[in-house]
Structure formats: C-alpha cells, structure tokens
Amino acid sequence: LPFYGVFDREFLDTVLTLQLLRGLAIAAIVVASSLVLPHMMKDARLAIVLPCLAIEPLISAFINPRMALFEGRLNFGPEAILQVSAKIVSTTLTIVIAVWQRSYWALVAGTLIASFARVLISYALAPNIPRFGLRAWRELFRFSGWITASSFFDSLATGFDQLIVGGFLSVRIA
C-alpha cells in the first residue's frame, strides 16, 4: 500500500479480505435491522427493501484495493473516473428502470448497479486478480486500526439522529 512506499501483494490481499469481512458485518446488521425498522418506521416495505440493500456492502467489498495506490501517489484522476463513470451508469439505468417500472425499486436497483459498476471499473483502471488472505493484518491494523475505529464511531454519531427522528415521523410526514 502507498503508506509503506511499496506494492505488497499480501497487504492488498489483506485489505480485500477485511473489506469483505466488513461488508458481511454491515450486511448482517442491515438484514437484522429489517426485523425492527419496518415496525419502528411504520412501513412494511422496509422488510423487503432492507435485505435487498444489504447486498450493496457485499458488492462494494470487492472494489479493487489497488485503487488506494493511486491515492497514495496523490493521483486522484482514476478515483474521479471511477466515481463519475459509476454515477453516469447507475443514474442512467435507474432512470430507465424508474420510467419502465414506475416503482421505488428503481432506486434499490440503482444503488446495486452503482456498486457493481464501481467494482468493474476499479478492476479496469487497476488490473488485479483478487485473492483472499490475512497475512498482513497486524501491520495493517498497526497503521489503520485507530482510523477504522474513528470512522465507525463517526458514522454511528452522524447517522443515529436520522434513525431516531425517522422512527418518530411517518413516511407521509417526512
């Protein structure tokens, strides 16, 4: 990875594996929330939508870890190409699906399409054969463990109020 100054296959394999484990954990939380949130939000559709959206972190987990090499060299062009291309593809297909189906499911499909597009584009920009492994987990956590914990608590803090407020408002009021 860039912060070590050299390309290390074991680091990239570890990052990919940890991304997948994180994606599985997030997906499990989203699926578990589908048992509670429909009642809390008074919207039965969430019981089906949330498990479908739980697929997104699993797809995103496969984004090529080699993309971090570009950022480490302060080359943000590939990341910009990745984000803009995925948004163009997903927005276009979401609109097509929405016009065709006239359903909120177009938004769910668009979310999944965007993640899938980011994964495909990331491998086109930085060719890599993904492998799983955890050999470099100690070195990786030495550097990024506190960043991961900080990001987790920051995400929890910024989203918790929306969850609470959403529980007290009906979909029609919001």
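The values are calculated or read from the model by the stated rules, or taken from the named source; none is laboratory data. What you are looking at is a predicted structure, and each value in this text was computed from that prediction instead of being measured. A quick note on method: Cβ atoms are made from the backbone with ideal geometry, for glycine too, and the neighbour counts reach across all protein chains shown. What goes into the accessible areas is simple: the full protein's heavy atoms, side chains included, and nothing from ligands, DNA or RNA. Shrake-Rupley method; radii C 1.70, N 1.55, O 1.52, S 1.80 Å.
Couple of notes before you dig in:
- Sites listed here are chymotrypsin sites (Phe, Trp or Tyr not before Pro) in the stretch 1-76 whose DSSP assignment is loop and whose Cβ has at most 16 other Cβ atoms within 10 Å: PHE7, PHE76.
- Accessible-area order (highest first, 1.4 angstrom probe) of the listed residues TYR123, TYR104: TYR104, TYR123
- Annotation for ALA28 and ARG73: the two label points, set 7 Å from Cα along the Cα-Cβ direction, are 3.8 nm apart.
- In order along the stretch 47-57, the Karplus-derived 3J(HN,Hα) couplings, from 6.51 cos²θ - 1.76 cosθ + 1.60 at θ = phi - 60°, round to 4, 9, 5, 4, x, 5, 5, 5, 5, 4, x Hz, and Gly and Pro are given as x.
- Percent of alpha-carbon pairs separated by more than 25 Å within the stretch 1-124: 37 percent
- Ordered from largest to smallest accessible area (heavy atoms of protein chains, 1.4 Å probe), the residues LYS42, LYS87 come out as LYS42, LYS87.
- Residues ILE48 and ALA126, FRET efficiency given R0 of 45 Å [Cβ-Cβ distance, rounded to 0.05]: 0.80
- At the residue level, SER150 shows approximately 70 square angstrom of accessible surface with a 1.4 angstrom probe and all protein chains present.
- Extension gain, ARG9 to TRP105, is 30.7 nm, computed as 0.36 nm per intervening residue step minus the present C-alpha separation.
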